[in-house]
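Some notes on the structure that comes next.
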Amino acid sequence: MVTRIKNAQKNNVVMAYFKRNLGIIIGLIMLVIFFGIFTENFFSVTNILTMLQNNVVNAIICCGMLMAIMMGQIDISVGSTVGLTAMAAAYLITNLHWNISAALLVSLLIGVLIGTINGFLIAYLKIPAFVATLATQSVARGFCKILSDGISIRIRNDAYNMIAGAKITIPGTEALSANGRVPISISVTILYAVIILVVTWVILNKTKFGYYIYAIGGNEVAAKYSGINTKLYNMLPYIFIGFLCAVAGTIWGSKLQGVQSTLGVGYEMDAISAVVIGGASMSGGSGTVGGTIIGVLIIAVLSNGLNVMGVNAFWQDVFKGVIIIIAVVIDVIRKSKTSKVIS
């Protein structure tokens, strides 16, 4: 009897997930079918794994961006934070010959510092999130250029490069590999993203912190009068975002085995796109990790498919911008209908 109840509960959770995200799931399936028909080797294991690996950083950043948007805020400094934290580690390891552990610690502290500054400006000084994070975006990008002096910094450290270079081999998958003889290997970076997504889900769904984020995003005044320290809990998500950006910078710098001053440019666009497509409301109060995962996959499939088709990268930005507009319009219409029903 207990087993049946547990199975029924699991089935209800799965059904609720698909019901809540039905529209974007259908959109994802349509994109996959379209690119599967009009591009070669789209469904190959190599292409799929490459697509997932190339979007690991976006998935990690989205975990933080989701929290900001759920509170009705935003963070457009994430790309520059990724770039600066990666650049700082590269500079310390290559130019100053620091120990890798110390360099990575400093990199993480820089990410946390930027997040703390953003959170303090927004929560305590009441500076609009767009303005505050625009300022830190400019400062972080400026420091990237100062440290690099306009040139790429190569990282010739095997331990650092293995952070993203390690692979997990799956036994018994020889038949699925390209040559049919060697088992499939998955980049460890995909595992990093999965772990961070799971941790974010736990934070938002199983902790007081997550409950407070939903409450503040739904109605900050009501949350304040209910006893929630709204200033503190408006600030903490930005610290988390800064930490995640530092992790993402470490992973991407390791994967590239070097860092340029332009690393991270435009990352905020992909993160905002994925979170909004995933159902998070720009006005706050709603959003899920499950929906964000689908949003990340939609951006991943779109970028990969357009690249395979040879579409100019500039046009890809146009498509992503249009998708954001459509998602926001849908959200506005949905909220308008909900308010009419309530009234």
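Numbers below:
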read-out: Estimated FRET transfer efficiency (THR169, ASN54; beta-carbon r; R0 22 Å; 0.05); value: 0.60
read-out: Those chymotrypsin sites (Phe, Trp or Tyr not before Pro) in the range 36-76 that DSSP places in a loop and that have at most 14 other beta carbons within 10 Å; value: PHE43
read-out: For the chain, with +1 on Lys and Arg beta carbons and -1 on Asp and Glu, the positive-most of TRP315, GLY291, ILE325 along the dipole; value: GLY291
read-out: Separation between Cα centres of the range 217-254 and the range 98-156, rounded to whole Å; value: 16 Å
read-out: Within the chain: Cβ-based charge dipole about Cα centre, in debye rounded to nearest 20 (Lys, Arg +1; Asp, Glu -1); value: 960 debye
read-out: Relative contact order (percent, whole number), the chain, Cα cutoff 8 Å, 6+ residue spacing; value: 31 percent
read-out: Bins of 5 Å from zero: percent of alpha-carbon pairs in the range 264-306; value: 6, 25, 28, 24, 11, 4, 1
read-out: Per-residue SASA entry for THR262, accessible area with 1.4 Å probe, Å² rounded to 10; value: 80 Å²
read-out: Whole-Å semi-axes of the ellipsoid equivalent to the range 190-343 (Cα gyration tensor, √5λ, descending); value: 30, 22, 13
read-out: Debye intensity ratio in log₁₀ form over the Cα atoms of the range 61-189, taken at each q of 0.10, 0.15, 0.21 Å⁻¹; value: -0.47, -0.82, -1.13
read-out: Mean Kyte hydropathy of 0.5 or more with a Cα span along the axis of at least 30 Å, helices from DSSP in the chain; value: 100-123, 230-256, 313-342
read-out: Percent carbon-and-sulfur accessible area, the chain, ignoring ligands, DNA and RNA, probe 1.4 Å; value: 68 percent
read-out: Greater than 23 Å apart at Cα, pairs in LYS255/LYS320; LYS145/LYS255; LYS126/LYS224; LYS167/LYS255; value: LYS255/LYS320
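The values are calculated or read from the model by the stated rules, or taken from the named source; none is laboratory data. These figures come from a predicted structure and were not determined experimentally. Every residue, glycine as well, gets a Cβ built from its backbone with ideal geometry; the counts of neighbours run over all protein chains shown. The protein model used for the area step is the full one, side chains on, heavy atoms only, and it has no ligands, DNA or RNA in it. Shrake-Rupley method; radii C 1.70, N 1.55, O 1.52, S 1.80 Å.
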